[in-house]
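What follows is calculated from the coordinates using simple rules that are stated; it is not laboratory data. Not measured: the values here are computed from a predicted model. Ideal geometry is used to build each Cβ from the backbone, glycine not excepted, and the neighbour counts take in all protein chains shown.
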Amino acid sequence: MSEQTNEHWAIIRQVVIGAEDGTATAKELCETLGLAPGFPDPELADIGLADETIRVGREAHLEVVSPLGPEASLHRWIERGGGPGGYCLSVQVPDVAARIAAAEAAGVGLAADVVAMGRHVIQLKPGAMGLLVEFDEIPDPEVWFWDDVVTAEPDNPLVDDVLAVEVASPDPQAQAELWSAVWGLPLEAGTEVPEMRVGSRTVRFVEGTRRMLTAVDLAAAPGTEPMMTTIGGVELRVLARPA
């Protein structure tokens, strides 16, 4: 479980890839990383999305979402960007109201403000954040939406956690400062690129022409050699867990 040191904490729970063919992308993820097939979010069909949520260790998930039709906003996002890519982060926080206030102070609007599965959920407009950022209010850090979903254990997982994600934009420093203000978390000092620690995980801000989540660092399971591949427009790096 991510270490929490004060009353304000956040846990990156789901790293979401947007793909035109979600079934094929999820299958490739599972086969490449040795993960068990995932499960669907029962509420996403109502907003025109299909999805598969794939467990990575005890806490984190890789999720693949795909449009159910051309009217879905995700379909337009894929077309505008020229292909699939890192679309969203789902983040657990103890208090969504605090994140709404911080977003308003930073001039970031809400794309959604709903109750889903009995929890207060907001999504921030990707035009400001560079991708869709979702904050889910679940005050107990030991609890998540999918705790009761039973899935098969992978026979030979090559990865067992998410270590970091990278967010690309033309101005990484400005993007990092905005995220820091909205999330209420400081930027790390003295790093090669701007980055922000989120519990046990890191968000890095890198330069890129397409504003999206471009890379994910995954912790290698015991006995797994480091490797790198690209699936769904996102670079996946399997790395030894830092000491």
Next item on the list: Look at the range 61-98 and say how many of its residues are among the charged types (D, E, K, R), closer than 22 Å to R211 by Cα and surrounded by 15 or more Cβ atoms within 10 Å (Cβ to Cβ).
Entry: 1
Notebook entry, point to check: Mind checking whether some residue in the range 10-25 is among the small types (G, A, S), in contact (Cβ under 8 Å) with a residue 40 or more places away in the chain, surrounded by 15 or more Cβ atoms within 10 Å (Cβ to Cβ) and within 20 Å of A221 (Cβ to Cβ)?
Noted result: no
Item checked: Candidates M196, M228, filtered to the one that is touching a helix residue (DSSP H, G or I) at 6+ places or on another chain (Cβ under 7 Å), among the hydrophobic types (A, V, I, L, M, F, W, C) and part of a strand (DSSP E or B) -> M196
Notebook entry, point to check: Here is a list of conditions, (1) closer than 28 Å to G107 by Cβ; (2) touching a residue at least 40 places away in the same chain (Cβ under 8 Å); (3) surrounded by 15 or more Cβ atoms within 10 Å (Cβ to Cβ), and A221 meets all of them except one; can you say which number that is?
Noted result: (1)
Note to self: Out of E63, E59, E71, E20, I need the residue that is of a type outside the set (S, T, N, Q) and within 21 Å of V96 (Cα to Cα). Which one?
What the structure shows: E59
Notebook entry, point to check: Do we find that A176 is surrounded by fewer than 20 Cβ atoms within 10 Å (Cβ to Cβ), within 19 Å of the chain's Cα centre (by Cα), in contact (Cβ under 8 Å) with a residue 12 or more places away in the chain and outside any loop (DSSP other than H, G, I, E, B) in this structure?
Noted result: no
